[in-house]
Every structure is written in structure tokens, then in C-alpha cells.
Amino acid sequence: MRITVIGSGYVGTTTAIVLASLNHQVIGADIDTSKISKLKKGILPFVEPGLNDLLSEMLKTGRLNFTDNIVTAIQESDVIYIAVGTPSREDGTADLRYLQAVADRIAGAINGYKVIVVKSTVPVGTNRWLSDYLSDKIGNPKLFDVVSNPEFLREGSAMYDTLHPDRTVLGGMSGHAIEILKEIYQPLGSKVLITDWETAELIKYASNSFLATKVSFINEMCRIAERAGANVVEVAQGMGMDVRIGAKFLNAGIGYGGSCFPKDVKALIATARELGVELKILEAVETVNRTQPLFYLKKLVQTLRETVDKPWIVALLGLTFKPNTDDQRESPAIRIVEELLPDCQEIRIIDPTIEFPDQTPWPDERKVVVCKTVEEAFSAADAAILCTEWEMFAKINWEEAVRCMRNPILLDGRNFYNPEQLRAAGIRYLALGRGNST
Ligand code: UDX
């Protein structure tokens with residue numbers, strides 16, 4: 001199958017590489033020439049375990065190519081994937097200008113029948129709109145079919161998820177186009193669910209919103225566990241043993257971030273509002289998530305106030321929204337830095353993916369120091385906060401850390417550590433909702 005993937009962001013690049021590995025002839029296309037020239041050289045523009053090796057391998061086979069010439073990329077393929085960004089507007093609705101720009105390109109370049117596959121996360125109604133829009137512009141509805149094929153990959157395990165999907169959702173009106181898509185994915189052997197456009201679109205938002213709901217739910221349980229002296233980790237364990245609930249996405253912590261959950265929850269609330277429906281559960285999910293980092297931080301601030309005078313030196317472990325990615329979008333760690341900065345002499349950040357010099361526009365840059373080693377971050381610090389559960393932080397020698405720090409306090413924002421072990425090393429360990437002893 002000859003396939004073009006327009007949009008070389010996270011989803012588009014992963015899709016293009018994996019489709020090439022399934023023996024298809026693939027072109028990755030993007031107007032961003034610097035991204036394309038990197039990809040042509042085998043350099044991924046983001047951090048994703050295993051994907052760089054597969055990219056190099058696929059480039060060598062000749063089945064994967066990249067171009068900034070969108071017109072020829074459209075003309076040379078039979079199947080066109082759209083994987084451009086759909087960022088949130090101020091009001092939470094998705095901004096579809098990049099999708100419309102691609103539609104205009106397709107309409108201008110079309111040279112024969114094409115299956116147009118929408119991979120981008122788009123609000124309910126968008127695939128139908130796209131089909132009507134293209135019909136108007138092209139003037140011949142027989143020249144194309146639109147299929148909604150939402151993406152469920154997670155950052156940090158994008159390659160694995162794309163190669164081993166729990167399900168493939170195909171939404172559309174054309175049986176012929178759906179058959180072509182089934183053939184493309186046939187080597188994956190995944191379960192296929194065929195629906196209409198609107199259902200496929202809603203499956204994507206409902207899935208992400210449900211997972212975000214699980215996270216906010218356990219974070220609320222964490223708040224009550226904290227007051228009641230219960231252990232939220234064991235509560236999650238006990239809940240997760242019920243197969244109807246499932247053990248995943250029940251880790252309490254400083255909240256969810258990333259490019260999907262915050263944006264998709266907001267967009268679903270906004271779409272529902274436009275349709276005259278109020279999504280009260282999701283509104284609460286958002287509120288819990290917005291307040292969760294500050295809820296955690298309060299415990300540290302109280303302890304610091306009782307122990308040492310301001311301004312403090314704080315070591316911050318992890319800035320990305322989760323491990324194994326360089327993505328800092330909507331990361332709760334950023335909220336924590338911003339909130340804590342006025343009371344600090346210095347916040348020392350350590351994260352394996354931060355580039356030097358750090359590009360983040362902090363409110364008071366002089367106070368934010370990006371460190372290369374854990375020792376540097378801990379030196380004379382009044383406290384440390386674990387924000388992202390990177391593997392490197394599991395290997396910290398806490399006895400040594402205690403010697404380095406002025407005040408050995410740790411706030412564990414992800415319930416990552418074993419409290420007994422850390423206390424045995426001499427750390428004043430602060431967790432949330434982990435029983436009376438914390
Ligand atoms: C998510 C969906 O999982 C994926 O299916 C979809 O395609 C894109 O959005 P991603 O954003 O990469 O993937 O990360 P995910 O692993 O889902 O984590 C999202 C956030 O929730 C992270 O900030 C993570 O730290 C947080 N989280 C997750 C928790 O706080 N607790 C949990 O138990 C699980």
C-alpha cells in the first residue's frame with residue numbers, strides 16, 4: 001500500500017515509521033523543513049524509546065521517506081493519513097485550522113481516488129464536516145472517502161502501543177475504504193471495531209476522559225486517605241483487584257499532564273456544551289487535577305515553614321509530565337515550580353531530557369537552575385520534590401543525599417519510593433495519603 005502521513009509530530013511520525021515496518025511504502029510529509037531534514041537523517045525530533053532505531057532501520061529499507069512537498073506526497077499515495085495538531089483554543093474547543101489547511105492541500109492536489117484517514121484527535125462532527133468540505137472543494141465525492149481512525153498510543157511507549165494496539169477503531173461510511181484500512185492493519189492482528197464517524201470520534205475522547213477520571217478519582221481518594229489515615233496505594237491495590245475496575249491508572253500523585261488528557265477533557269466539555277449537554281463529572285475531573293499539585297505542595301510548604309526560614313533551596317526531580325518522554329506540556333511539575341518560586345532562593349531542576357541551556361521561560365529565570373547531576377541538585381537543599389518517576393531517581397543514594405542536603409525533606413509527588421527505606425536513610429519523607437505515619 002502507498003501511504004502518506006501528513007504531520008510529523010508525535011503521532012504522525014510514529015504512525016509513518018510503524019506503517020513502514022508493516023511493509024507499506026510510506027511518505028512522511030510536513031511543512032516544517034527543519035523537522036523533515038532531521039527525520040531524513042534518521043533523527044527523531046522528540047524522545048521516544050526504541051523509535052529512533054526503527055526509524056533508521058526503515059530509512060535503510062527505502063520504504064520510508066520524508067518530504068516537505070505536501071503536493072507530491074499526496075499525489076504519490078492512495079491513502080493519506082492526517083496527523084496534524086489540534087491545539088486547544090482559549091474556550092477549550094479544538095483549533096482545526098491545521099486540519100483545514102491539509103484539506104485545502106488535498107483538494108488542490110488530488111489526482112485519483114484517495115482514502116483520507118483522520119488520525120488527529122478531532123471533535124465529534126469533524127470527519128463529517130471534512131467529507132462535506134472536500135466534496136464541495138473537489139466537486140466529485142467519488143474521488144475520496146474519509147475514515148476516522150483515532151490513535152491511542154501513549155508517549156514513552158508509542159512504538160509498542162502502535163505495534164500492539166488493544167483495538168483499531170475505524171469510523172466511516174464507505175465499506176470499500178474500511179476494507180483498505182483493515183488490510184493496512186492486518187499484520188497487527190488487533191481487534192477491529194467498525195463504527196460511524198461520530199462514534200469513532202467519541203470513542204477517542206471518551207477513552208481519554210475516562211482514564212483522566214480514574215486518575216482524578218484516585219487523587220480524591222488520596223485526599224480523603226490523607227485525612228483519615230488510610231493508605232491510598234493499598235486502596236488502589238484493593239480496588240484494582242476487582243476486574244470490573246482494573247488496576248491501571250489508579251496511581252495517586254500530583255495529577256495528569258501531557259498533550260492529551262488536559263486538552264481532550266476540555267474539548268469534550270466544550271463539544272458537549274455546544275450540544276447543550278453539561279458534563280459535570282468531567283468538570284470535576286478538571287478541578288481536581290488543577291488543584292492536585294497545590295494540594296501536595298501545601299504539605300511540603302507547611303513542613304518547610306516549621307523547619308527553616310525562607311527563601312528556600314529546593315531540588316525538583318523530573319520536569320516532564322511522565323517518564324520516558326521529553327514532553328513538558330501541561331506538566332504538573334511546572335505548576336509546582338511556578339507556585340514555589342516566590343518563596344525560594346533557588347529551584348534546582350534535574351530531568352534527563354532537559355536541554356542545555358534550558359528553553360523554558362520561567363517567571364524568574366535567575367532562580368531556576370538546571371542541574372546535570374543529582375548531587376548538584378541536592379547540594380545544600382532544604383527539600384526535594386519528586387515530580388516525575390524517572391528510573392534514574394530510583395537509583396539515588398539517599399544516605400549520600402542526606403549528607404548533601406541542608407534539610408533532608410522529600411515530598412514524593414508520585415508515591416514512587418518505599419517510605420520505610422527512605423526514612424531509614426535519614427530522610428524526612430512526606431507522601432500523601434499513605435497512612436498515619438506519613
Ligand atoms: C494518553 C492515553 O493514555 C493514550 O491512550 C492517548 O493516546 C494519549 O493520552 P499519554 O498522555 O502519553 O497517553 O500518557 P499517560 O500514560 O496516559 O499518562 C497521562 C498522565 O496521567 C501523566 O501525567 C501521568 O503521570 C498521569 N497518570 C497516569 C497518573 O497520575 N496516574 C496514573 O495512574 C496514570
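Nothing in this text is a laboratory measurement; each read-out follows from the coordinates by a stated rule. Quick caveat: nothing in here was measured; it's all calculated off a predicted structure. So basically every Cβ, Gly included, is an ideal-geometry build from the backbone, and we count neighbours across all protein chains shown.
Worth a mention:
- With bins 5 Å wide beginning at 0, the percent of Cα pairs of segment 300-380 falling in each bin runs 3, 15, 26, 27, 18, 8, 3, 0.
- For segment 235-281, taking Cα atoms only, Rg and Dmax work out to 14.5, 39 Å respectively.
- Annotation note: GluC sites (Glu not before Pro) in segment 349-438 located in DSSP loop regions with a Cβ neighbour count of at most 16 within 10 Å are GLU355.
- Per-residue ellipticity at 222 nm computed for the chain from its helices equals -13500 deg cm²/dmol, with DSSP H segments shorter than 4 residues left out and the rest contributing -39,500 (n - 2.57).
- Principal axis extents of the C-alpha atoms in segment 281-438 (largest first, rounded to whole Å): 40, 39, 32.
- Directionally averaged projected area (segment 274-325, Cα convex hull): 6.5 nm².
- Cα gyration tensor shape of segment 116-254, rounded if a/c is under 1.5, else prolate or oblate by comparing a/b with b/c: prolate
- DSSP-defined antiparallel bridges as percent of all bridges, the chain, nearest 5: 10
- Relative to the longest principal axis of the Cα atoms of the chain, helix 197-228 runs at roughly 10 degrees.
- Charge tally in the Cβ shell below 11 Å around LEU317, where Lys, Arg are +1 and Asp, Glu are -1, LEU317 excluded: -1
- Percent of alpha-carbon pairs separated by more than 18 Å within segment 110-196: 47
- Tensor-based shape of segment 151-217 (alpha-carbon gyration tensor, a/c under 1.5 rounded, otherwise prolate or oblate): oblate
- Overall form of segment 205-286 per C-alpha gyration tensor (a/c, 1.5; a/b vs b/c): prolate
- Taking the longest Cα principal axis of the chain as reference, the axis of helix 51-61 is set at about 30 degrees.
- The translational diffusion coefficient of the chain, from Stokes-Einstein at 4 °C and 1.567 mPa s with a Kirkwood hydrodynamic radius over alpha carbon pairs, comes to 55 µm²/s.
- In summary, segment 119-162 shows an alpha-carbon radius of gyration equal to 1.54 times the 2.2 N^0.38 Å reference for compact globular proteins.
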